[in-house]
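So the structure is just underneath, and the comments pick up after that.
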Ligand code: AMP
Ligand code: GLY
């Protein structure tokens, strides 16, 4: 079958790498893709949120399945667009409906969903410009640090953690009245601070059945020792060594099951990935967020550990037969180290020539912000590429990733040297 994958990051290169290994995949199109996907699939220069252009491509190329990488097209309703179009409604879209995607599109909606279905989450209240004074009073009743979350999508930047009450009250006003994050912060969720270790749980569901994918941990801050600004993610490790069977059982019974049952009770159509962001507080997993897609760079360590055919897995999702599949997981560890443009996550330059890729033998290079300039691979974003390796343990895998990192060069290359150190 011909398949269309939407997106252009390392996550999408990892999906593409896995999907083309399937005998079920004839031609794989990626829109818009990057230099990495161009080397293994057919890139098409259209935006994943231009649904009419996506439709034209799907009909022209006789595409029989659409896999959605990022959240944007999902939150904008690509699943419903296909379902409600008579030319497209037989073509499965891997991703949730617009209502399902609201779990990521609105923090308040996610909180209400969790409270309704008894899913453990931090205590919260939400405020608008009209209730900003009540918000300031509410902040004064909490213990620091204060967690302020823009309700809508803010490119991963909408969460502020502030230690000082007066500053937190100022920022609340900036968000609600000053539109710090535009429309995304016209509503703000104020949440209890959870002190613990973060971890991500990835679930694939057909709306009734689900499969829990390998655990992974990412490293969000730009600086070593988890310092500096938040990024999309600077590296990842799978599995996460401290997640034992007891903790996993709690995550499944208290969080995963009620989430999937919640979809059914609330009539939420959901055929795709659920990324549950958790904080482990004294061995009690508590949800801090839902994302309606896979994580990036977590995908670059989770997908390489999946032995099961990804296309057949997606077909089972589409046909609601996920219960008939047994996931096969590679026992080895996988790690990835993200190479980023100097200056990221603030201002950075693009179009830097990348050299040394041909010397990589012990790792898989998943491109993120890259493009082809003639035959030359050049940088085209903040996060440039994820260097993934396997090992019998994560230390061995990391050694390979870092050896490969040293072989790849571009001007102002930056990366963290301490991925996985907290797991030692
Ligand atoms: P989110 O966009 O919800 O993932 O939040 C971004 C980051 O803020 C998370 O990765 C956590 O590090 C942190 N965070 C979010 N909510 C909380 C919370 N309630 N307590 C402590 N840290 C939080
Ligand atoms: N790595 C975190 C995310 O994809 O949101």
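Regarding residue 414, is this residue surrounded by 14 or more Cβ atoms within 10 Å (Cβ to Cβ), farther than 23 Å from residue 16 by Cβ and out of contact with any helix residue (DSSP H, G or I) (no Cβ under 8 Å at 6 or more places or on another chain)? Break it down stepwise before answering.
Working: surrounded by 14 or more Cβ atoms within 10 Å (Cβ to Cβ): yes; farther than 23 Å from residue 16 by Cβ: yes; out of contact with any helix residue (DSSP H, G or I) (no Cβ under 8 Å at 6 or more places or on another chain): yes.
Here the answer is yes, as residue 414 does meet what is asked.
Considered as a group, the residues in segment 143-174 that are modelled with pLDDT under 90 and either away from ligand 1 (no atom under 12 Å from the Cβ) or more than 21 Å from residue 123 (Cβ to Cβ) (or both) include one that is surrounded by the most Cβ atoms within 10 Å (Cβ to Cβ), and that residue is 153.
Quick check: anything in segment 141-156 within 24 Å of residue 98 (Cβ to Cβ), in contact with a helix residue (DSSP H, G or I) (Cβ under 6 Å, 6 or more places away or on another chain), more than 16 Å from ligand 2 (Cβ to nearest atom) and in contact (Cβ under 8 Å) with a residue 60 or more places away in the chain? No, because not a single residue in segment 141-156 is within 24 Å of residue 98 (Cβ to Cβ), in contact with a helix residue (DSSP H, G or I) (Cβ under 6 Å, 6 or more places away or on another chain), more than 16 Å from ligand 2 (Cβ to nearest atom) and in contact (Cβ under 8 Å) with a residue 60 or more places away in the chain. Does at least one position in segment 10-21 carry a residue that is closer than 16 Å to residue 73 by Cα and outside any helix (DSSP H, G or I)? No, segment 10-21 contains no residue that is closer than 16 Å to residue 73 by Cα and outside any helix (DSSP H, G or I).
Residues in segment 192-245 that are at pLDDT 95 or above, surrounded by 15 or more Cβ atoms within 10 Å (Cβ to Cβ) and part of a strand (DSSP E or B): 202, 203, 204, 205, 210, 211, 212, 222, 235, 236, 237, 238.
Condition check ((1) surrounded by fewer than 20 Cβ atoms within 10 Å (Cβ to Cβ); (2) not in a loop (DSSP other than H, G, I, E, B)) across all residues:
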position: 46; (1), (2): yes, no
position: 54; (1), (2): no, yes
position: 57; (1), (2): yes, yes
position: 70; (1), (2): no, no
position: 81; (1), (2): yes, yes
position: 101; (1), (2): no, yes
position: 104; (1), (2): no, yes
position: 108; (1), (2): yes, yes
position: 114; (1), (2): no, yes
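Taken together, the residues in segment 254-291 that are closer than 15 Å to residue 111 by Cβ, more than 13 Å from ligand 1 (Cβ to nearest atom) and either in contact with a strand residue (DSSP E or B) (Cβ under 8 Å, 6 or more places away or on another chain) or without any contact (Cβ under 8 Å) to a residue 40 or more places away in the chain (or both) amount to 2. Contact map, segment 198-220: first residue without any contact (Cβ under 8 Å) to a residue 24 or more places away in the chain, second residue within 16 Å of ligand 1 (Cβ to nearest atom) and outside any loop (DSSP other than H, G, I, E, B), Cβ cut-off under 9 Å, separation 6 or more or different chains; pairs are 220/198; 220/230. Among all residues of segment 346-358, there is none that is in a loop (DSSP other than H, G, I, E, B), crowded, with 21+ Cβ neighbours inside 10 Å, in contact with a helix residue (DSSP H, G or I) (Cβ under 6 Å, 6 or more places away or on another chain) and in contact (Cβ under 8 Å) with a residue 40 or more places away in the chain.
Tell me which residues, restricted to segment 221-249, are farther than 21 Å from residue 342 by Cβ, touching a strand residue (DSSP E or B) at 6+ places or on another chain (Cβ under 8 Å), touching a residue at least 60 places away in the same chain (Cβ under 8 Å) and away from ligand 2 (no atom under 13 Å from the Cβ). Those that are farther than 21 Å from residue 342 by Cβ, touching a strand residue (DSSP E or B) at 6+ places or on another chain (Cβ under 8 Å), touching a residue at least 60 places away in the same chain (Cβ under 8 Å) and away from ligand 2 (no atom under 13 Å from the Cβ): 239, 240, 242.
The values are calculated or read from the model by the stated rules, or taken from the named source; none is laboratory data. All figures in this text were calculated on a predicted structure; none of them were measured in a lab. Reconstructed Cβ throughout: ideal geometry from the backbone, glycine too, with neighbour counts over all protein chains shown.
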